[in-house]
Amino acid sequence: MKVSVIGAGHVGENTAQRIAEKQLCNEVVLVDIVEGMPQGKSLDMWESAPVEGFDTRTSGSNGYEETAGSSITVITAGLARKPGMSRDDLLAKNTDIISDVVKNVVKHSPDTILIMVTNPLDVMAYVALKVSGFPSNRVMGMAGILDTARFRSFLALELDVSVRDIQAMVLGGHGDTMVPLPRYATVAGIPLPDLLAKDKIDAIVERTRKGGGEIVSLLKEGSAYYAPSAAVAEMVDAILKDRKRILPCAAWLAGEYGLNDLYMGVPVKLGMKGIEEILEVELNAEEKAALETSAEHVRSNLSKVSL
Ligand code: TXD
């Protein structure tokens, strides 16, 4: 089993390292346009194998031959945000990059599952779906696991409990219009609203919505990568091990949640076939309205894409 990671920048390199350390497959191939960089990073990773004790081979390339026959291809290639930039500012440049990357990936791995990471995420997943011609179960985006992880991590700090006991759900597009669902958050099965006052929950929801921007403004250059790469590795694990995990991912909607023809974050079942099912949870009027606002935002971005 082989996983290719296209784009060996911050998210790509950490994703590759996490997949190798967890030994999720036999081989990880890193691809980037910068000469020598993916080769150097993957060699450095391989040299950590004797210490970390993994046998997953890591290699790097500036071409796509080495990616042939990948079970999963993670696409992180493109530009990242700088302070003052929104995810949407990346749209035009990243559309061109993703179109080119996806064409090359598909040529060598016609049966691969695509996990999109590049921003603006929901739009890049759409570009990948159209350019690949793949069925929608094999093209998905990573965002919801990251957004949910941020929500859970802030709740753990506030409640002073283990992150392991916190379950949560974030729906919607990957942006400031995302829709965290406190009603569906639990701490060891106890509904969150029973444990935390509404104003505290609201503040954490707001911090979650702006979680990506918080990191961008602290880093000054580039955006988050430790939590994003952990989220991608969780998706890779769910698929390769056919775990049937229920995780929030960007999925192509065809009527679910009353939405059509766009990618949005929703709970899905992830297994060997990719997205095996989209789960529809009941939403109240306020949550529905927030999801519609998020969908509007994604639609307006989609209207700017020309393929
Ligand atoms: O939740 C999420 N989905 C996200 C998305 C979380 C974090 C980062 N998110 C987005 O992922 C971010 O806004 C960017 O659009 C991507 C990648 O972020 P990263 O932080 O890894 O960016 P880097 O470090 O700039 O890396 C991008 C790499 C860099 O090495 C380029 O040389 C390479 O992409 N690149 C290419 N590789 C292959 N082919 C082409 N055409 C190409 N163009 C650039």
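The values are calculated or read from the model by the stated rules, or taken from the named source; none is laboratory data. Computed from a predicted structure; not experimentally measured. Cβ atoms come from the backbone with ideal geometry, glycine included; neighbour counts cover every protein chain shown. In case anyone asks, the SASA skips ligands and DNA or RNA and just uses the protein heavy atoms, side chains included. Shrake-Rupley method; radii C 1.70, N 1.55, O 1.52, S 1.80 Å.
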Number of positions in region 9-23 that are of a type in the set (Gly, Ala, Ser), assigned to a helix (DSSP H, G or I) and touching a residue at least 40 places away in the same chain (Cβ under 8 Å): 2
What are the residue pairs meeting all of these: first residue in region 113-130, first residue closer than 22 Å to residue 222 by Cβ, second residue open to solvent by 10 Å² or more (accessible area, probe 1.4 Å) and of a type in the set (Asp, Glu), Cβ atoms under 6 Å, and 6 or more apart or on different chains? 120/88
Region 163-190 residues that are of a type outside the set (A, V, I, L, M, F, W, C), paired with ones that are assigned to a loop (DSSP other than H, G, I, E, B) (beta carbon under 6 Å, 6 or more apart): 165/188; 172/178; 174/143; 184/169
When residues of region 73-82 are filtered for being assigned to a loop (DSSP other than H, G, I, E, B), buried (at least 19 other Cβ atoms within 10 Å of the Cβ) and not hydrophobic (A, V, I, L, M, F, W, C), how many remain? 3
Filter result (of a type in the set (Lys, Arg), within 26 Å of the chain's Cα centre (by Cα) and part of a helix (DSSP H, G or I)) within region 188-212: 207, 209
For region 215-261, name all the residues that are within 10 Å of the ligand (Cβ to nearest atom), touching a residue at least 12 places away in the same chain (Cβ under 8 Å) and either crowded, with 18+ Cβ neighbours inside 10 Å or closer than 30 Å to residue 284 by Cα (or both). 216, 223, 224, 225, 227, 228, 229, 231, 232, 250
Filtering region 53-72 for residues that are exposed (fewer than 14 other Cβ atoms within 10 Å of the Cβ) and either in contact with a Gly (Cβ under 7 Å, 6 or more places away or on another chain) or within 15 Å of residue 22 (Cα to Cα) (or both) leaves a count of 2
Inside region 263-294, can you point out the residues that are among the aliphatic types (A, V, I, L, M) and surrounded by fewer than 22 Cβ atoms within 10 Å (Cβ to Cβ)? 272, 278, 279, 281, 283, 285, 289, 290
Look at region 41-52 and say how many of its residues are surrounded by fewer than 19 Cβ atoms within 10 Å (Cβ to Cβ) and either of a type in the set (A, V, I, L, M) or part of a strand (DSSP E or B) (or both). 3
Number of positions in region 24-59 that are touching a residue at least 40 places away in the same chain (Cβ under 8 Å) and either over 26 Å from residue 90 (Cα atoms) or more than 13 Å from the ligand (Cβ to nearest atom) (or both): 3
Select from region 1-18 the residues that are within 11 Å of the ligand (Cβ to nearest atom) and surrounded by fewer than 24 Cβ atoms within 10 Å (Cβ to Cβ) and write down the one among them that is farthest from residue 98 (Cα to Cα). 14
Under the condition of being part of a loop (DSSP other than H, G, I, E, B) and either open to solvent by 40 Å² or more (accessible area, probe 1.4 Å) or not hydrophobic (A, V, I, L, M, F, W, C) (or both), which residue from region 295-307 is nearest to residue 130 (Cα to Cα)? 307
Output yes when any residue across region 19-26 is open to solvent by less than 60 Å² (accessible area, probe 1.4 Å), within 17 Å of the chain's Cα centre (by Cα) and closer than 23 Å to residue 118 by Cα, and no when none is. yes
